[in-house]
Amino acid sequence: MKLKHLSILFLPLLYCTVSCDLVVSSTESPKPENNTTSHNDSQIIPEIHSMHVYSNISNRYATTLVTTRVRNLNKTAAAATFSVLLPENAFMSAFEMEIDGKLYKGHVEEKEKATQLYRKAVSKGQSAARVEFNARDSKVFTFSANLKPESNATFRLIYEELLRRQFGQYQHVINIHPGQIVDDLYVKIHINESRPLKFVNTPFLRTGNEIGNNDDKVYFSGKMQVESTLAFMEFKPEKSRQSQIGQLLGNGNKTGIAGQLVVEYDVERDSHGGEILVHNGYFVHFFSPSGLKPLPKHVVFVLNHGLTMHGRKIDQLIDAMQKILSELTENDAFDIVRFGATPSVWDSTRHKFIRLPDLRHYGNLEPYVKKLFLPRTSKAVRQNIEAARSTIYDKSGLGLSNPVYALEVGLFLAKRIQDNLPNRYQPMIIFLTDSYPTVGMTSQNEIINTVTKVNNNRIPIFSLSFGEDVDKNFMRQLAAKNLGFSGHIYEALDASVQILNFYRSISSPVLSQVNFKYLDGVNNVTKTHHPLVFKGSELVVAGKINGSSQILSHVEGWSKTGFVKFNATRTETVNSLERVWAYLTIKQGLEQRGFEDNVLSPTKQAVNISLKYSFLSPVTAEIVNETVVETEVATVKQGFQPNQVSEISGVDLLRLFEGHKTPKRQWTPIIIVEEMPQTRWQRLIPAQNIPERQWGPIPPWLGIPVEERRPPHQVEDFNKAPEPRWIQDMIEHNRHHIFTPLGLLKLSRSADVVMHPQCPKTPRGTAGKCVNVFDCPEIFNEINDFDVYLQYSCRLDKYAGVCCPTKEPLFIY
């Protein structure tokens, strides 16, 4: 067997909301270009033959696979582009391409190592590309490849995210932007939750650009089924329907769908300390208290009113503030600080903004500001609200942008109330800007450090970036280091609605100083202290459990009525929680960047976990390369055991072939399995009681190692009902594997399983135990169809199980 590396022509582009890298390399020196690519204006754009999206939501954790197949119909070479718009909080975890039978597979490396690989390739004169974009770019993954005449390409990408609860619901968004009408467009979504579904709204399509009313939505027309803890949705529009939807969304009838498919749902809540899910040494704690009254709050608005805001943006900000002020309650208090080169503070007695002098003692402005006798903080009573709303119409520009001065004034106003009326109001600062600092302190890192140091009262700062001329990464870090979070306002007709919605998401804090308390026996726990929890939101903590320790927990914090304590409920789950823990650990580690520089810092931990679980994060890079194997016979490597497959990190798209003759130079990818955690396919679509046949055939690109079949005389005779025909078909055609809602499971008559967990429902309507499907022949007559089996399926490690009636004991002693 001979390995050969080929050079390739790639045009890689990777845009991220946070800095990330993509490295493409080959090991052959670049060759002179031939003129195979036509620049004729009549050239046909490569056709997207199919676009399939499979998305699974298990315990609020979504895993989405996007597969696109492209054909070049030209007689000359043409560039084919694969583009996926990722949710802001998602991590890409797998990417690969097949072009003319060649596989180009991505893997994650630390950024520094990726840079070294890039420089090494360049120094040897090899083809290489390294792309790095900063935080101002949108989170779009785009990859272009040169296709030979009349050839095909397949692109596959998987991304993962923990859904965020807001306004009392989870929202799962799938972007559909093929750029053309597609022959085979298919979206399948599964929800499998640990608690009963409270509601699942009818999915709808929207443009994704502007927030409109219901008239701007195109409601879902496909299959949908909801049962207890499960939901299933299938969207498969014909070409004519794609054209129609494109017109309804304002895209025209030739480009097809260009929008977002949105699924909204929520689960029934534990009214106490939330729900702790436990599985295989990991736990995830979901906490979303209900029935609590909002805390009285003191809101300090710090708003850019400089020259850059002139025009439509200032009108939209004024419109948003009109509505926000009206939504303050009489229990609240507020201040408004507008800024340009210097800040102005709203005075409720004089109904005007008072402009402050040009002070330069940044980081120590408090003693100077005290001498200015700033206007008093206003109670949110009707008289003050109406006065503020009438004054806010003032559009006078305040020059350049000096945010550090304004933020220090805002912190002073909040601290003044805290010192004089302790524990009366929950303080918060809402900071909005549309530009870089241009006067005063202009270093963004210096601003973050200064504001964080001045904020010794630990007042939450929520930052809003408006438009594309502001560094979203700066705003994100500023908020993260000051107990808040950030949002982004897109320049569009609905910008005022975006601002209003951001305010509403934080307008009702119900608990402050929230702490998750765990007894001994847990480790590697994510953040356990949170400054606030808001009505309709959710806090999530994850960690590891030592051995068989019994995890006990309570949550404590301060409500409107005083100190409260909630006890949590523990639930065993059949679905893996390991990747939820990894995702949260990385996310929170990235938020802490800049705090520590030691070896065990959160940033270093984020790097290590990103590498282990194949997450493309801001501290890692994706490397795409190729290896061509020239061989007469491709065989599974001797000694390879099937259990090695289930330990692959991420979605390592394994292809191991049964020995057979192959034409010379045919592409035969061999992937070396490394010591990594469980394969993603075990979690891709976990659901149980879906009666329609949606599962069974293994995706052809997911190679499965072939199990040597037993001779007939080794097969057990149960002397019961014969094995259902569907089992025999799966063994014969699917290599002893079935692709079920619980993932990829193995059919084996000799499964080595010790634990048999309880399961809720057998075919006879009673509770039972999960056993190997071959070990429950007494129900073969009742599961004689694959669809029926799915209703009672369960997972035993990597094996296919069934909920079997509990057998009566044969002995009493």
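Rule-based calculations on the coordinates, nothing more; no lab input. Fair warning: this is a prediction, and the values are worked out from it, not measured in the lab. Don't worry about glycine lacking a Cβ; one is built from the backbone with ideal geometry, like all the others, and counts go over all protein chains shown.
To the nearest 0.05, what FRET efficiency results for Lys323 and Gln116 with a Förster distance of 51 Å applied to their C-beta separation?
With a Förster radius of 51 Å, E is 0.45.
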Cβ crowding within 10 Å averaged over residues, with 154-163, 322-331 ranked highest first: 154-163, 322-331
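At a Förster distance of 30 Å, what's the computed FRET efficiency of Asp787 paired with Asn280, Cβ-Cβ distance as r, to 0.05? Write down the numbers at each step before the final one.
Numbers: r = 29 Å, r/R0 = 0.96.
FRET efficiency, Asp787 to Asn280: 0.55.
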field: Rel. contact order, % - alpha carbon contacts under 8 angstrom, at least six apart, the stretch 297-509
entry: 25
message: What does DSSP give for the stretch 247-403 in terms of the percent of beta bridges that are antiparallel, rounded to the nearest 5?
response: 65
- line: Amide H neighbours of Phe485 at under 5 Å, excluding residues fewer than 5 places away on the same chain, with H built from the backbone geometry, are Ser463
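Starting from 0.36 nm per residue, how many nanometres of slack lie between Phe167 and Arg389 once their C-alpha separation is accounted for? Walk me through the numbers before you get to the answer.
Values: separation 222, 0.36 × 222 = 79.92 nm, distance 2.57 nm.
Result for the pair: 77.3 nm of gain on full extension.
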query: How large is ³J(HN,Hα) for each residue in the stretch 156-163, as worked out from phi by the Karplus curve 6.51 cos²θ - 1.76 cosθ + 1.60 (θ = phi - 60°), to whole Hz, x for Gly and Pro?
result: 9, 9, 10, 9, 9, 7, 8, 5
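Would you list Ile354, Ile191 from fewest to most Cβ contacts within 10 Å?
On the way: Ile354 14, Ile191 25.
In order of increasing Cβ crowding within 10 Å: Ile354, Ile191.
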field: Residue-by-residue Karplus 3J(HN,Hα) for the stretch 275-290, coefficients 6.51, -1.76, 1.60, Hz, glycine and proline x
entry: 10, 9, 8, 10, 7, 6, x, 10, 9, 9, 10, 9, 9, 8, x, 10
query: What percent do you get for the relative contact order of the stretch 314-429 when only Cα pairs under 8 Å and 6+ apart count?
result: 35
- line: In terms of the charge dipole of the stretch 297-509, which places +1 on Lys and Arg and -1 on Asp and Glu at the beta carbon, the residue among Asn420, Ser396, Asn457 farthest towards the positive end is Asn420
- line: the stretch 168-326: relative contact order from alpha carbon pairs under 8 Å, six or more residues apart, as a whole percent, is 27
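Could you order peptides 410-416, 356-362, 533-539, 226-232 by the average number of other Cβ atoms within 10 Å of their residues, highest first?
Details: 410-416: 23.1, 356-362: 13.6, 533-539: 20.1, 226-232: 17.6.
Listed from highest to lowest mean packing, they are 410-416, 533-539, 226-232, 356-362.
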